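> First the structure, which I've put down as structure tokens, then a few questions once you've had a look.
The values are calculated or read from the model by the stated rules, or taken from the named source; none is laboratory data. Computed from a predicted model, the values in this text were never measured in an experiment. Each accessible area value is taken on the protein alone, full model and side chains, heavy atoms only, with ligands, DNA and RNA left out. Shrake-Rupley method; radii C 1.70, N 1.55, O 1.52, S 1.80 Å.
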Amino acid sequence: MAEAESEAEETQEEKPKKGKLALILSLVLGLVGAGAGFAAVQFGAIPQLIGNTAEVKEKPAEPVRDGRNVAFVPLDPIVVSLGPQAAAKHLRFVAQMEVPEENEPVVAALRPRVMDTLNTYLRALTEEELREPAAMLRVRAQM
């Protein structure tokens, strides 16, 4: 019996040692992985694998300053239900998109996609979000 008790004590002592070893090993491997990731990003190894985004070959669009070369593409009105607990039952949305004049035909052709995206976004809004003082700025920025 004494032998059985001593064996049971030895197995109980070995289990915590294995658990501690696994914990220490996982911490060390985690730190090594984090350090390698930091070094890869810091020294530029990651952009070389993905593609260097710093070298953009296309010229960015110039901002419109004088307002003479812009066009306004009208969007169809949207009526969205706000939900059963809202004081107002529906939200009516009418807008026009300001685009460079040369892009007006392209944007007009993509109007159904724009409308679908706006409809999805407006359905996700709640009445509380629309009542906030900065709601108009936030909604405009997200659209």
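> How big, on average over all directions, is the shadow cast by the Cα convex hull of region 95-143, in nm²?
3.8
> Let me ask you something else. Using a 1.4 angstrom probe and counting only protein chains, how large is the accessible area of residue 137 in Å², to 10?
That residue has around 130 Å² of solvent-accessible surface.
> Can I ask one more? Among 113, 138, what's the order by accessible area (1.4 angstrom probe), most exposed first?
Largest to smallest exposure gives the sequence 113, 138.
> Please calculate the 1.4 Å probe accessible area of residue 123, with all protein chains present, and give it to the nearest 10 Å².
Ignoring ligands and nucleic acids, residue 123 comes out at about 140 Å².
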